[in-house]
Amino acid sequence: MSFVRNAWYVAGWSSDFGNELKALTIVDQTLVMFRCADGALVALEDRCPHRQLPLSKGKRIGDTIQCGYHGMTFGRDGKCVRVPGQDNLPASAYVETYPVHEQHQIVWVWMGDPDQADPDDIFDLPEFSDPAWQAHQGSALHIKAHYLNVAENLVDPAHVSFVHPTTLGSAASENVPVHVRANDDIIVAWRWIRDAAPVGFFQDFGGFKGHVDRWHYYSLHLPSTAVIDFGSADTSLNLAEDDRDAGVRIFALHFVTPVTEDYTIDHWMHLRNTAVGDSEASERMDRMFEVAFAEDKAILEAIHLEEMRPQKRRPIRLAIDKGPTVYRKRIRDLIEIEVTENLGAVRSTFVQHD
């Protein structure tokens, strides 16, 4: 297993879900979702326990779903409420339910042990509620690649100089060292490029005429939510690291959702401290982000194809890979915790001598 299941994953934006049945897959589990009459979202296992037909192929009747094959009907709690042709409802006639939580117009689904689902663990930032910041939902990038490659790209500032030379990066940052810090569930990789020409993004939105100091802070929240904190300020200000709000600052948010081993969806949006309330600026930023993220998509899909081919040797690791390397280890540790049964204190007859 390569997925962390005890985690909240983004299923989509609130606007993506209405009264109709919506089928989707997260960590290789098929779901059917719909919004009930009271506005609450429901996520059920998309598989009738009778003949395995996806319930999303059936129809909604009130706040229930009727299977399209033999009419078994299931309530929002997953329990069967009707079996045509018989009065008794077998105890095995149910589908799994998944906890759902909406926050900041984002829909999160818990894919693991429901007893461990805590909405307080859902990713959040104070800027979502700060009137000095503008929140704008972008789109969803569909990538034919494993989610680990997608996520580790989001804790890797070094690729920006080469993959995004006209939008988010430039040659000025090629040899600037990358710093890495890892806490329990957040990995941060960052660097500052001092006294350099503004990159394409900030030529457009920053209005800078001369050289700037610019930064990239890549924060990856396990298992796969990333915040790219990037911005610029006039070099004459000589901003300290903690004074980034004094410059033009943008958070690109990436909610990376594993679909299958070969398919990932990256729901992306941004927060910004400039052009607040300017919808035209939001649309222009979207267009620039779409160019940059399409560049990432092309790279990641090409890498995935090569990884599927026979390998003669293992890939090498470089100094710039510190963030991705730590990330892969943290994911392995989380998966190991999930798949290893906790036996508690056990008296062993095995004694090890160093």
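The numbers here are math on the coordinates, done by the rules we state, and not lab data. Keep in mind the model is a prediction, meaning the values are calculated, not measured. FYI the Cβ positions are ideal-geometry reconstructions off the backbone, even for glycines, and counts take in every protein chain you see.
Here is a yes/no grid of residues against (1) surrounded by 17 or more Cβ atoms within 10 Å (Cβ to Cβ); (2) under 30 Å from ARG249 (Cα atoms); (3) within 16 Å of the chain's Cα centre (by Cα); (4) touching a residue at least 12 places away in the same chain (Cβ under 8 Å):
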site: VAL95; (1), (2), (3), (4): yes, no, no, yes
site: VAL107; (1), (2), (3), (4): yes, yes, yes, yes
site: ASP130; (1), (2), (3), (4): no, yes, no, no
site: GLN134; (1), (2), (3), (4): yes, yes, no, yes
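So which of ASP286, ASP242, ASP266 is part of a helix (DSSP H, G or I), touching a His at 6+ places or on another chain (Cβ under 8 Å) and either free of Cβ contacts under 8 Å to residues at least 60 places away in the same chain or surrounded by 15 or more Cβ atoms within 10 Å (Cβ to Cβ) (or both)?
Within the list ASP286, ASP242, ASP266, the selection yields ASP286.
Identify all residues within the range 1-37 that are farther than 30 Å from VAL339 by Cβ and outside any strand (DSSP E or B); write none if there are none.
Hits for the range 1-37 are SER14, SER15, ASP16, PHE17, GLY18, ASN19, GLU20, LEU21, CYS36, ALA37.
For TRP190, work out the one condition from (1) under 14 Å from the mean Cα position of the chain (by Cα); (2) surrounded by 16 or more Cβ atoms within 10 Å (Cβ to Cβ); (3) not hydroxyl-bearing (Ser, Thr, Tyr) it doesn't fulfil.
For TRP190, the exception is condition (1).
State whether the residues of the range 45-57 include one that is crowded, with 16+ Cβ neighbours inside 10 Å, in contact (Cβ under 8 Å) with a residue 60 or more places away in the chain, part of a strand (DSSP E or B) and not basic (Lys, Arg).
Scanning the range 45-57, I find no residue that is crowded, with 16+ Cβ neighbours inside 10 Å, in contact (Cβ under 8 Å) with a residue 60 or more places away in the chain, part of a strand (DSSP E or B) and not basic (Lys, Arg), so the answer is no.
Within the range 59-67, does at least one residue satisfy the condition of being in a loop (DSSP other than H, G, I, E, B), acidic (Asp, Glu) and free of Cβ contacts under 8 Å to residues at least 40 places away in the same chain?
Yes.
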